[in-house]
1. Between the chain alone and the structure with every protein chain in place, find the residues of the range A:1-24 that drop at least 40 Å² of accessible area; heavy atoms, 1.4 Å probe.
2. Give, in nm to one decimal, the length gained when the segment between B:Tyr78 and B:Gln98 is fully stretched (0.36 nm per residue of separation minus the Cα-Cα distance).
3. Roughly to the nearest percent, how much of the accessible area of the protein assembly as shown is carbon and sulfur, given a 1.4 Å probe?
4. Using the Cβ atoms and a cut-off under 12 Å, what net charge is assigned to the surroundings of B:Val104, where Lys and Arg are +1 and Asp and Glu are -1?
5. Rounded, prolate or oblate: which one fits the range B:196-308, using the alpha carbon gyration tensor with axes a ≥ b ≥ c (rounded when a/c is under 1.5, else prolate when a/b beats b/c, else oblate)?
6. Gaussian network model of chain B, Cα springs within a sub-10 Å range: biggest mean-square fluctuation belongs to which of B:Arg71, B:Arg27, B:Arg172?
7. Using the basic label-point model (7 angstrom from Cα toward the beta carbon), what is the A:Ser32 to B:Phe390 distance in nanometres?
8. So which trypsin sites (Lys or Arg not before Pro) in the range B:195-250 are both in a DSSP loop and have at most 16 other Cβ atoms within 10 Å of their Cβ?
Amino acid sequence: MSIDDKLSTVKYTSDIYSHLNPDNDKCLNCQSKCCTIVCPANVYSWDDDKKKLTVNYENCLECGACRIACEKKCIKWEYPRGTKGVTFRQG
Amino acid sequence: MNSENKVDVIVVGGGPAGIAAAVTLARADKKVVLIERGKFSGSKNVFGGAVYTQPIKEVFPDFEASAPLERRNVKHKYSILSEEDSTTVCYENKKSVQYGSYTVIRAKFDRWMAEQAKKEGVYLVEETVVKELLLENSKVVGVRTELEDYYSNIVILADGVNSLLAKSINLREDIKPKDVALSVKEVIKIGKDKINDRFNLNDDEGCVYEIFGGPMLGILGLGFLYTNKDSISIGLGVALNELVEKNIKPYELLDKLKAHPTIAPLIKDGELVEYSAHLIPEGGYKKLPKLYSDGVLVVGDAAMLVNNLHWEGTNLAMISGKLAAETAVQALDLCDYSANILSQYQKKLENSFVLKDLKTYKNLMDVMHDRKYSFLEYYLKKVNAFFEMFVSVDSIPKRKKYIDFIKSVFTDRKITELFKDGLSGIKLLWSIFK
Ligand SMILES: Cc1cc2nc3c(=O)[nH]c(=O)nc-3n(C[C@H](O)[C@H](O)[C@H](O)COP(=O)(O)OP(=O)(O)OC[C@H]3O[C@@H](n4cnc5c(N)ncnc54)[C@H](O)[C@@H]3O)c2cc1C
Ligand code: SF4
Ligand code: SF4
């Protein structure tokens with residue numbers, strides 16, 4: 001089962017603003033791009049053409065792993081606003 | 001200061017720690033606001049998992065009568081998986097386990113606890129994120145939410161493992177990847193009858209299943225499986241630094257665990273109901289943050305109070321919440337909210353199982369990080385190799401097989417490794433029993 005199929009079982013209320021804001025200047029020089037590895041929701045991917053980190057914040061499970069793992073400690077990481085984000089029905 | 005918005009205590013975070021703190025305060029006739037960022041308590045929370053009867057009773061004595069419980073656990077299984085084979089131990093007591101546990105669904109159970117707290121006078125504010133703490137002369141005097149400011153004499157931080165708030169006032173350092181485990185989990189619907197057949201259970205009896213090795217051989221990680229009423233919760237937790245260093249995606253690891261020949265039949269033909277993820281604090285005693293300061297107390301995961309070897313967290317959360325609230329009641333009665341008075345909370349924790357247990361295991365994670373290849377790969381495989389040898393009928397004399405097996409322990413690896421393992425083992429045992 002693909003990660004997208006897994007994520008399709010999760011209930012989200014998307015915001016129009018991203019609560020995850022990496023500093024792309026730092027990402028440019030980041031060796032590991034480890035946010036793209038550890039994230040359990042595959043939120044981050046590196047776009048090599050645009051030299052930019054793509055952030056699918058709508059899929060975020062709000063675990064906090066990327067904030068802690070980030071090689072450059074450069075993710076401005078907030079909780080989504082109170083009415084937004086993930087709602088686990090099982091948990 | 002807006003006196004309308006001033007209460008005795010603000011509790012941030014409506015998980016087990018925050019709810020236990022809030023309801024304890026309400027019972028002592030204190031004005032308490034409990035602020036939760038999710039749509040309802042539990043809607044942001046993920047665990048294995050099982051909640052433990054005795055500690056819950058300390059806060060909700062009659063919970064068994066009305067709480068949403070899945071199954072009463074009568075069976076505890078432990079498996080060591082190698083790539084293909086496995087060895088399993090199972091403890092079973094169907095009659096009575098006096099201090100037992102129940103599996104629960106957090107979205108239901110936390111919500112139930114919060115409702116109870118509300119009935120007992122807690123003012124519950126949901127769908128509200130506390131953005132920062134309000135300080136006056138470096139004393140915590142309230143919180144700022146997205147919409148308004150709330151003031152109180154004491155703030156209890158029960159905002160979970162990420163506790164951005166404890167960090168904001170320097171009660172803790174930023175967490176290191178090695179001090180948390182990232183956990184991914186799937187709830188898989190199987191049906192009550194099939195679960196009872198596959199796990200050899202009756203009615204609402206449940207099984208707790210801990211899994212070592214498999215796709216996590218040589219990695220600091222642990223798998224778990226719990227039976228719910230008609231679904232199974234399966235997941236694993238892996239030290240975050242391991243995922244980074246070994247370049248592993250957490251959900252791919254879980255897929256491998258689910259495909260292991262020992263596990264696959266248990267979840268066969270199941271339907272994925274929900275995928276989720278959460279961090280677990282793993283730093284233990286050595287990484288405890290500062291637990292109090294002027295006007296503020298830290299409880300539960302926010303204080304890193306988890307006993308990871310035993311999958312205990314909700315109990316440490318609830319008892320720490322209760323002890324913090326009892327300290328707050330004393331402080332309120334004395335009208336003194338200084339660190340000096342609030343330091344009683346730490347004393348109470350030290351006298352309880354909470355800090356005693358964390359102290360007992362204070363060296364465990366260091367040893368595991370240090371010797372993970374030995375303890376989480378080599379010996380696990382060796383256990384399975386022993387049983388493979390033991391059950392193989394191959395016309396080789398048994399005595400020779402035993403001697404070869406024992407020899408292999410000395411020749412598989414450099415002898416110094418064996419020596420180091422022995423030393424680590426002794427050190428660990430010494431730190432547990434001294
Ligand atoms: C995979 C996994 C398996 C586990 N298995 C078990 C088990 O089987 N048994 C067991 O006892 N323990 C288990 N644990 C540990 C247990 O889940 C935790 O220790 C426990 O939930 C901690 O309770 P808490 O109230 O401190 O934190 P949490 O349960 O995390 O609650 C924190 C609450 O604060 C809210 N919050 C956070 N920040 C803010 C903010 N700024 N404003 C408002 N609200 C906020 C969150 O939404 C959340 O509701 C497991 C943990 C994991 C991750
Ligand atoms: S790990 Fe941090 S610095 Fe590196 S790409 Fe990801 S967000 Fe950017
Ligand atoms: S918080 Fe967790 S789920 Fe969200 S982007 Fe970061 S790692 Fe991914």
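The values are calculated or read from the model by the stated rules, or taken from the named source; none is laboratory data. Not measured: the values here are computed from a predicted model. Glycine gets a Cβ as well: all are built from the backbone with ideal geometry, and neighbour counts include every protein chain shown. Keep in mind that these areas ignore ligands, DNA and RNA; they rest on the heavy atoms of the full protein, side chains included. Shrake-Rupley method; radii C 1.70, N 1.55, O 1.52, S 1.80 Å.
1. A:Met1, A:Lys6, A:Thr9
2. Using 0.36 nm per residue and subtracting the Cα-Cα distance, I get 5.1 nm.
3. 52
4. Result for the local shell: +3.
5. In terms of gyration-tensor shape, oblate.
6. Residue with maximal mean-square fluctuation among B:Arg71, B:Arg27, B:Arg172: B:Arg27.
7. The answer from the label model is 4.0 nm.
8. On the way: sites: B:Arg198, B:Lys229, B:Lys246; in loops: B:Lys229.
Sites meeting the loop and neighbour criteria: B:Lys229.
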